[in-house]
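The values are calculated or read from the model by the stated rules, or taken from the named source; none is laboratory data. The shown structure was predicted, so the numbers you read here are calculated from the model rather than taken from an experiment. Positions of Cβ are generated from backbone atoms using ideal geometry, with glycine treated the same way; all protein chains shown enter the neighbour counts. These accessible areas exclude ligands, DNA and RNA; they are computed on the full protein's heavy atoms, side chains included. Shrake-Rupley method; radii C 1.70, N 1.55, O 1.52, S 1.80 Å.
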Amino acid sequence: YDRRETIAIQPNVALDIGEDVAGYRLHPSFTRMAGLYGDGDVAAFRMVGYPDRNLSHFISQDIHSHGVRGDFDPLGINESGWVARYADLYADTALGAAALGVGRPLEFEGGTSNPFMAGSLSGFNFTRSGVSSREHAHRMQTLQNVLGEFSGGALESEAQSALDQGLQLTDQIQAAVGEYNDEATGSAFRELYQNNSPGRYMRDAAVLIRGGFETEVFMTGIGGWDTHGDQGNEVGRQADLIARLDSAIGVFSDECKAMGVWDDMLILISSEFGRRNFENGSDGTDHGHGNCVFLIGGGVTGGVYGPDLTSELLEENWLPGPVDFRDIYREILSGHLGVSDFSTIFPEPQDAGVQTLGLFA
């Protein structure tokens, strides 16, 4: 496009994704994504947003995390993340929902089910003493004995239960990590994940899946996309970020296929907003509205969704966002996770009503 003269991806290097979506291409770093699209396992959405757009990272992130555009008070529920509300209803076990490598995301806050959050599975353990690490097993057994004989009031009992659950989870998770990393019988894919975000975190998700845990929702992320400058074109900062994401998705999809769970898996890639239609003076792009969202998995109906691009739209500062991100999320919950009642998970009425997208056969 001629308003991206420096950072534009030229047609001869962009990845063609088929005649059915003529005019659309993928970034050349999306090699694995292009292959998955060719298999019918990628749904790409144009112009995703929400009403009354806001171009602040923090406000827009909060809107996506809450799944609510306005205030909570008129809705009759406490402020909370949409994953927390889902977990309370459908995945209220210790590992029903898991956030890996993203701290304590707002999506997971405000519920009652305490979803699992860890920087890494290997680090989810009780710290060994720097003075006498050989006594670690003895200290853990002593703690278990004390907890087993404890009796007290309601608050103390909650603390006892949390500690006891933590002990059980560390044992189960470390056993799963050990089995996954076993040189003789562990995963053949463990060395293929890059040691970065999101590679190491998607590997942790594979550990939990292979370990047979009951996790319904995984969340992780990769930062660094606020590229107001020096985006590059087919090489550069943006290309490097895409390549990292593409590699992690590619290895994870291969491992899920090997485990026989790819048809039960769905990867959602989204961000808080899109970028402008033209580059700035620093060879980058500034905040825009209409965004691109990807759904990837064996059960998705692949293709390109959303309004068509027109020359008039491309002349605007940014694309509109007529596809409400919550419509995509609702369809994931219904078509992928079997949820029929969204009144608590997404309680806010939408001005344009709910759109049916047809993502699942």
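Between Leu167 and Gln350, how many nm apart are label points set 7 Å from Cα along the C-beta direction?
4.8
Please list, in chain and number order, the residues 5+ apart from Trp318 or on another chain whose amide H is under 5 Å from its amide H, with Hs placed from the backbone.
Asn277
Express in Å², to the nearest 10, the accessible area of Thr185 obtained by rolling a 1.4 Å probe over the protein heavy atoms while all chains stay in place.
Result for Thr185: roughly 110 Å² accessible.
Between Thr112 and Ala137, what is the label-point separation in nm under the 7 Å Cα-to-beta-carbon projection?
My value for the distance between the label points is 4.1 nm.
How big is the accessible area of His336 in square angstrom, nearest 10, if you roll a 1.4 angstrom probe over the protein chains?
60
How large is the helix-only mean residue ellipticity at 222 nm for the chain, computed as the sum of -39500 (n - 2.57) over DSSP H runs with n ≥ 4, divided by its residue count, in deg cm²/dmol to the nearest 500?
-10500 deg cm²/dmol
What's the extension gain from Val146 to Phe126 if we count 0.36 nm per residue and subtract their Cα-Cα distance?
5.6 nm
Could you calculate the contour length gain from Asn195 to Asn317, that is, 0.36 nm times the residue separation minus the distance between their Cα atoms, to one decimal place in nm?
The span from Asn195 to Asn317 would gain 40.2 nm if fully extended.
For Asp324, list long-range residues whose amide hydrogen, built 1.01 Å from N in the peptide plane, is under 5 Å from its own amide hydrogen.
Gly49
Keeping all protein chains in the complex and leaving out DNA, RNA and ligands, what accessible area do you get for Ile328 with a 1.4 Å probe, in Å² to the nearest 10?
0
Calculated FRET efficiency, Gln174 and Leu309, Cβ-Cβ r, R0 51 Å, to nearest 0.05?
About 0.55, to the nearest 0.05.
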